[in-house]
Structures are given as structure tokens and as C-alpha cells.
Amino acid sequence: METSQAMNGAESLVKTLLASGVDTCFANPGTSEMHFVAALDRIPGMRCVLGLFEGVVTGAADGYARMADKPAATLLHCGPGLANGLANLHNARRAQTPVVNIIGDQATYHRPLDAPLTADTEGWARPVSVWTRTATRAASVGADAAAAVQAARTAPGGVASLILPSDVCWDAGGEVAAPLPPLAVPKVAPDAVQNAARVLRSGQPTLIVVAGSALREAPLADAHRIAAATQARLITPMSNARVSRGRGRLAVDRIPYSGDVARDRLAGIRHVILVGAQAPVTFFAYPGKSPRPYPEDAVVHVLAREEEDLADALARLADEVGARNAVLPESAAVAPSDIARGAVTSEAVARTLTALLPENAIVVEESVSFGRAFYPGTVNAAPHDWLQLTGGAIGAGLPLATGAAVAAPDRRVVALQADGSGMYTLQSLWTMAREQLDVTVVLLANRKYAILLGELAGVGANPGKTALDMLDIGNPDLNWVQMANGMGVEGARAHDMETFAELFRMANQRKGPFLIELVI
């Protein structure tokens, strides 16, 4: 442990984070964080990425960790700065993303005076965090930081929020803490494996729901073997943090967003086996309809909880049901070489993405209603990773793309972004330009909150002009090319598939960010 009376708390924080493997910080600092900012200037090794809004900062940290498989730090200013970033911290929590969330706060002796920025910072942080602590003295900051990194990385991963009063940052006596070892991932109990095997051997229609780390290549292959050997159906939740897919990889369907479509597709299921997933539920309740996307009388069984070793559980289950030598389904076929032409439709965009998606790309999808064909329609695209909005709080897409591009500078990031949700965090474009990130933004401009038009019908509402006007963002039209240009990102507009293909091909071959406003 390195200690020095000359070292302040902020310096011990930076050195401990670096020693613990956290070398990237997405930041939007204020006065309370100035000593941390100064420490970052004096201590080499931390990449600092500025976001112009805290929702960009927290969403970028989410995207970074999904691709880097390790946490980034955030730097937020007091309770209100945290509040601005809460929506994407909620999404990160749902994605089980490791994030070390650093929040500056009022000095310990200043807080009782109730200065304007004083807030219940810890109370706001707790619901989106797996671990929350407020540092109380400079000498403990290093140990607190090491504990935060360990908590963020503990399976299945989550947000660890460390609140730092400004005086514990500037006070001398900081101590650098040694990294804490990762906690062991627990194995599932033998009876959980045996129970799942009994269900699968029963011959009754069974659904296996895989999520989280079970979607990585090896465990997903075991899940496919189990399904093939037992005639079970394999599926994932609607929204997943990261799925590796494309040519040469095993495909897996998602539970449809629409409860009606999902219930129709899953009719007759008698058993549901969960692997790192919660019992599926529809996004919202609707009058007179089940909140479950599967039959109400189906029996739910847990093979493995989110925090358990999912790969080990699936491997043991495959052995238990004799599926080790089961024939895997054929991998996706060779992608067609032709692009779509003519009018812009969801299916046409998926076809063109399949033809032109760069090898080993990272696709970030926040396409909302228009993108219904994107996931199923790109199964034959070049190998890629698919990242999604996980918590339902819109405004994650552009920040996720920003963070993913920082984590994987050798890969092209393609952001499929609806215009309404893009407006929540359009400041991400500025960070993309500042950092010269290789991101192609496909901005889907339908100039309305289209998904809410469907929700109006779903809840049985009979909307009039006032209601419909609240879902219309086309008066005036948003000009995304001009907005992108104003933040340093080049862009162009496409009204047909031929123009889109030309722009998409060009954007992916150049360095830095480019935005295509696709009018739909």
C-alpha cells in the first residue's frame, strides 16, 4: 500500500483505480470534482472522455464495459449531476454492466448548511447501484475505490457508486489500496441441474430462456445442443446487453415486444427454464391481458440465477441430458451480395445492412418501432456484436455507441438510432467528433414517437388531436444533418435505399464519425 502525507484523497483514488484495471473515465465534472480533475492531470494512465451531458457519460460507460468486459469510471457532479445520468444508469443496471460511478459531493462540513446543490445523493444512487458508499476521510478513499471496483465486477456485474465529499479529495493523507481479488462465481446446486433435466425429459413443451453471459459462444452452443437433444425451444429476452451473431455463429430468437405476438408464438408451452434470466414479462400492462408472454399455467424453473456460473450450469445440463454430441443447427448462410432498392422499409434496411455490414462490427440498436425487422433480418450479416437498450429508458443508443467505440477502436460501430430517442442524448455526437470515434450513425427519421401510437391502441385509448400532437416531433422537422454538423460530425440525408447504401458504404470506409439521416 502506497501512502504519503503529501498525497491527497483524489490522488489515491486515481492511483487505486489504475491499479485495479480501470483506465478510462467518462466525465462531466463540476466544482466538487476539481481535485479529482487535477489528479487526473498529474497522474498518467487514465483516458478521460468528456461528455456534455451526464446521460452521455453514464451511457458511454455502459457501452464501454459491455465491449471491454471491464468497468470504466464515471465522474458526475453532486446529486443533480447524478440525477441527469440516472436513466442510463438504470439501463446499465438492467444490462448488469460493471460501472464505477464516482459522484462528487458537498464537503462534509458544508453539507449541513444546505447549500443549493445539496441533495440525497446516496438515496438517488442506491436504486441503480449494487453497491453504494460515501467516503468520510482521505485515508479511506483508496480502500473505498478498490471495494467499488470489486463490487462492480462481482457476477453478474453492476453499478458501484462511490460518493466523494470534496474535502476528502483535497485533504492530505491519501493511501493507495491494492486491487481486491474478484469474488468467486458460485456454481448451481446439483438438484437445479437434475430438476431441469427431469423437465426436459418429460416430453412436455419446454422453453429455455437464456440471458447474460449465457449468450456468449460456448454456453450458447451448449444451450443449442440441449434444445436439439430434447426438442425444447430456445429463446432470449427481448433486450440483451450483448449478443454475438452473424455468419458462422448460432442464431437465437428473441421474445417479441408485443405481448399478443409473444403469447401467440409461445402458446402451448408447459415449462419455462431460466438460465441467467428473470421470468419474462411484458413491457407494460394492458387492460384484460396477461402480463406474461407465455401461458399463465406454465411452470417456471430456475436452472441458474444471474449471479451464478451460467456456462458451467449449461455444460452440466448438457451432460445430464446426454446432449454433448447433439447436432448443432446449421450456422447462418452466406450473406446475399445485393442491396435493397427503392422505398425505405424496415425489411429493406435489414437487407442492406446484411449486404454491407463491416466484418466484426458492433451494432448498437435503439431503432424502437421502425427496427422490427433489423434483428431477424440481419442473421446472415457479417459476424458482429449486437448491443441493445436494456432498461427501456430511451436515450441509450448514441452513448452506448460512443462507449463501445472507445473500448474497441479497431472495430466499426454502427448505431441504428430512432430520432425521438436520439434527441435525449444527441450531445454524444460532439464526443464522437472530439474523440474521432469510428461510428456510423443511421438516424431513422420518422418525425414522431411512432411506438407510442401503437401503445395508444394497445391500452384502448381513442386519441384526438391533442393526444396525437404530443406524439408528433415533425412540427418543426428536426434537421439531423445540420445538428450533426454543428457538433463536428459530417452527415448526409437519404430518402431511398440506393442513396442509403451509397452513404453507408462510404461512411464505413472512412475514419471518424458520420451520420446518415434516413428519412422513413
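The table that follows gives values for the structure above.
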read-out: Unique match (being surrounded by fewer than 19 Cβ atoms within 10 Å (Cβ to Cβ), without any contact (Cβ under 8 Å) to a residue 12 or more places away in the chain and under 30 Å from Pro182 (Cβ atoms)) among Asp319, Asp312; value: Asp319
read-out: Given (1) more than 18 Å from Gln96 (Cα to Cα); (2) in contact (Cβ under 8 Å) with a residue 60 or more places away in the chain, index of the condition Val252 fails; value: (2)
read-out: Verdict on Leu207 being out of contact with any strand residue (DSSP E or B) (no Cβ under 6 Å at 6 or more places or on another chain) and outside the structural domain of Thr97 (by TED's automatic domain parsing); value: no
read-out: Residue within the range 212-227 that is in contact with an Asp or Glu (Cβ under 8 Å, 6 or more places away or on another chain), touching a residue at least 60 places away in the same chain (Cβ under 8 Å), surrounded by 24 or more Cβ atoms within 10 Å (Cβ to Cβ) and closer than 23 Å to Tyr294 by Cα present; value: yes
read-out: Close pairs (6 angstrom Cβ cut-off, 6 or more residues apart or separate chains): outside the structural domain of Ser369 (by TED's automatic domain parsing) in the range 456-481, among the small types (Gly, Ala, Ser) and modelled with pLDDT of 65 or more anywhere; value: none
read-out: Residue in the range 214-225 that is under 20 Å from Glu366 (Cβ atoms) and either in the same structural domain as Ala92 (by TED's automatic domain parsing) or over 19 Å from the mean Cα position of the chain (by Cα) (or both) present; value: no
read-out: Pairs, first closer than 22 Å to Ala39 by Cβ and of a type in the set (Val, Ile, Thr) in the range 86-112, second part of a loop (DSSP other than H, G, I, E, B) and at pLDDT 95 or above, C-beta under 8 Å, six or more apart; value: Val99/Pro71; Val99/Gly158; Val100/Val22; Val100/Pro71; Thr108/Thr136
read-out: Test for Glu435: is it within 27 Å of the chain's Cα centre (by Cα), at pLDDT below 85 and of a type in the set (Asp, Glu); value: no
read-out: Residues satisfying the stated conditions in the range 245-302, i.e. under 22 Å from Leu215 (Cα atoms), crowded, with 17+ Cβ neighbours inside 10 Å and either touching a Gly at 6+ places or on another chain (Cβ under 9 Å) or in the same structural domain as Val363 (by TED's automatic domain parsing) (or both); value: Val275, Gly276, Ala277, Thr282, Pro293
read-out: Residue in the range 126-134 that is assigned by TED's automatic domain parsing to the domain that holds Ile102, crowded, with 24+ Cβ neighbours inside 10 Å and either of a type in the set (Asp, Glu) or out of contact with any His (no Cβ under 7 Å at 6 or more places or on another chain) (or both) present; value: no
read-out: Residue count, the range 104-159 (criterion: more than 21 Å from Leu18 (Cβ to Cβ), in contact with a strand residue (DSSP E or B) (Cβ under 7 Å, 6 or more places away or on another chain) and of a type outside the set (D, E, K, R)); value: 10
read-out: Index of the failed condition, Leu180 passing every other in (1) in contact with a helix residue (DSSP H, G or I) (Cβ under 6 Å, 6 or more places away or on another chain); (2) closer than 26 Å to Gly392 by Cα; (3) surrounded by fewer than 19 Cβ atoms within 10 Å (Cβ to Cβ); value: (2)
read-out: Residue, nearest to the chain's Cα centre (by Cα), within the range 5-14, restricted to residues that are in contact (Cβ under 8 Å) with a residue 60 or more places away in the chain and closer than 28 Å to Thr118 by Cα; value: Leu13
read-out: Flag for Arg111 being charged (D, E, K, R) and surrounded by 19 or more Cβ atoms within 10 Å (Cβ to Cβ); value: no
read-out: Of all residues making up the range 259-278, the number that are outside any helix (DSSP H, G or I) and either out of contact with any Phe, Trp or Tyr (no Cβ under 9 Å at 6 or more places or on another chain) or within 20 Å of Ala381 (Cα to Cα) (or both); value: 9
read-out: Selected residue (only one of Arg324, Arg411, Arg305, Arg351 is surrounded by fewer than 17 Cβ atoms within 10 Å (Cβ to Cβ), touching a residue at least 12 places away in the same chain (Cβ under 8 Å) and over 17 Å from the mean Cα position of the chain (by Cα)); value: Arg324
read-out: Any hit, the range 100-113, residues being of a type in the set (Gly, Ala, Ser), more than 30 Å from Ala277 (Cα to Cα) and assigned to a strand (DSSP E or B); value: yes
read-out: Boolean, Leu328 is touching a helix residue (DSSP H, G or I) at 6+ places or on another chain (Cβ under 9 Å) and either in the same structural domain as Phe374 (by TED's automatic domain parsing) or not in a loop (DSSP other than H, G, I, E, B) (or both); value: no
read-out: Test result for Asp167, within 30 Å of the chain's Cα centre (by Cα) and not hydrophobic (A, V, I, L, M, F, W, C); value: no
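The values are calculated or read from the model by the stated rules, or taken from the named source; none is laboratory data. Because the structure is predicted, anything quoted here is derived from the model rather than measured. Cβ atoms come from the backbone with ideal geometry, glycine included; neighbour counts cover every protein chain shown.
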